[in-house]
Amino acid sequence: MSYYDLLETINAEIAKCMKCGNCQAVCPIYKEDMAEWSVARGKIKLAKDLLEGRLDYTPRIEEIFSLCLTCQACAENCPCGVRPDKIILAARAAIAREKGLPTIKKYIFNVLKHPGQFKAGMRLGSTLQGFGLKKVNDTDFVKPRLPIGLDMRRVIRPLAPKSLLSQVSEVTPVENPKARVVFFTGCMLNYIYTDAGHAVIKALTANDIEVITPKDQHCCGIPVIMSGDIETARRIARYNIDVLSRYDCDAVITHCGTGIDAWVHHYPDLLENDPDYADKARAFSEKAYDVSQYLVDRGGFRKPAAAMNRTVTYHDPCHMVRGVGVSTQPREVIQGIPGVTLKEMKKPDRCCGSAGSFSLTHYALSSKIRDKKIADILAVSPDMVLTSCGACRMQIEEGLYHAGCATPVHHVAELLASAYEKEETADKGNQRAHHKTAAQMVAG
């Protein structure tokens, strides 16, 4: 039985903890409040007490277990190999089974059970968002008019007028493709950062890779998993597996740590005891890649000819660098673009404090963690910040805005795609010049 289903199944993981406290040195939340219950060691003790009946499932216990970014820094720093993130997710699932979900989450997750309803809701939200959000002067950001689920200090990107999936063809062909991949967009690129989604497709096709973007794909389900609603998470996982199973592909390409972590780790864990889906989940796990990872490790990455003349810094998303071990590949892509200088910040893998809905439910704490990341960025004075995660991008954009800094934040694929487009423009210009010269010679 999965650790998502029964807290007792995580007992062996709990027993590994020797209470050394190494997690204190790296936990972003502990560094802010210095409370034992906020660090992995404290939460592991509470999970053990829940398991052995010494604690009840109270609202306070639920709040304590919600205070985790699942950034996995504690797991990376643990000399005993404990996976506190798994223990915490198991505890959240146990709490959800015992106490149920908060009303608002129950409503949202019920909509997520039905992809058609969710997509219709997002279209409606895009149309009506002006009633709840107002434009921030001289920026592309919006902020709340009223405290309706967002802190009044919050500055975010609006929903795009049209989703990425409604803008692109299901198949983006290339001549003589060397590979055929499925692009799993996730929600951030599909509904907000659609330009980054186009850039991912451009980066792949410029490397002679045919791209399939399934129109029926759905949310990855990570917000549901993080809240402990395991049955809804399984429903979403099965749905996405069914959709992608329709296509013969060499790889599944994601654009963020959350998406790739879902395919590589969470779907196989969720469905490990499902006779119809366990093997399918494992098969997709083995061919899921971040776009930079695929280009460098499998796609024969072609360095663009055009120079971009940028000084950039790169933020490592937690679920990318620690979740699936992808760190060098985005840097190889960045450094493969002529004219781009990569200036590493002090702690590029420091958590930005977003963790999806954590930045909504714990805005003040999330902002304190974010501001440390912003200080690291400002210290290297880049003219562009790059990352590989839409949620991290939104968090960093907001932090830079509050710091009075207009430095843009983009996905790695956007800079790469811009270089390929610049290269193509130059090639077309050269061709026109060549034809003009030939015509002049004939005329002469």
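What follows draws every value from the coordinates through simple rules; no lab data is involved. Fair warning: this is a prediction, and the values are worked out from it, not measured in the lab. Positions of Cβ are backbone-derived with ideal geometry, glycine not excepted, and every protein chain shown enters the neighbour counts.
Laid out as a table, the results:
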read-out	value
In order through region 236-247: 3J(HN,Hα) via Karplus (6.51 cos²θ - 1.76 cosθ + 1.60), integer Hz, x for Gly, Pro	5, 4, 4, 4, 5, 5, 4, 5, 6, 5, 6, 10
Relative contact order (%) - criterion: Cα under 8 Å, at least six apart; region: the chain	14 percent
Geometric extent, Cα atoms of region 310-420 - Rg, Dmax (angstrom)	13.2, 42
About the Cα centre, charge dipole magnitude for the chain (Lys/Arg +1, Asp/Glu -1 at Cβ), debye	940 debye
Under 5 Å, built H, 5+ apart or other chain: amide partners of residue 340	308, 309, 310
Across 215/428; 119/215; 31/368; 202/422; 135/162; 19/373, pairs whose alpha-carbon gap is larger than 21 Å	215/428; 19/373
Given the chain, longest segment not containing exposed loop GluC sites (Glu not before Pro) (DSSP; at most 15 other Cβ within 10 Å)	53-169
Label selected from [x] 70, 61, 42; [y] 72, 50, 44; [z] 96, 50, 48, the criterion being Cα extents along the principal axes in Å as computed here	[z]
Helix 363-380 vs. the chain, principal-axis angle (Cα, 0 to 90°, nearest 10)	40 degrees
On Cα atoms only, tilt of 115-128 relative to the major axis of the chain in degrees	70 degrees
Angle between the chain longest axis and helix 103-112 axis [Cα atoms, degrees, rounded to 10]	40 degrees
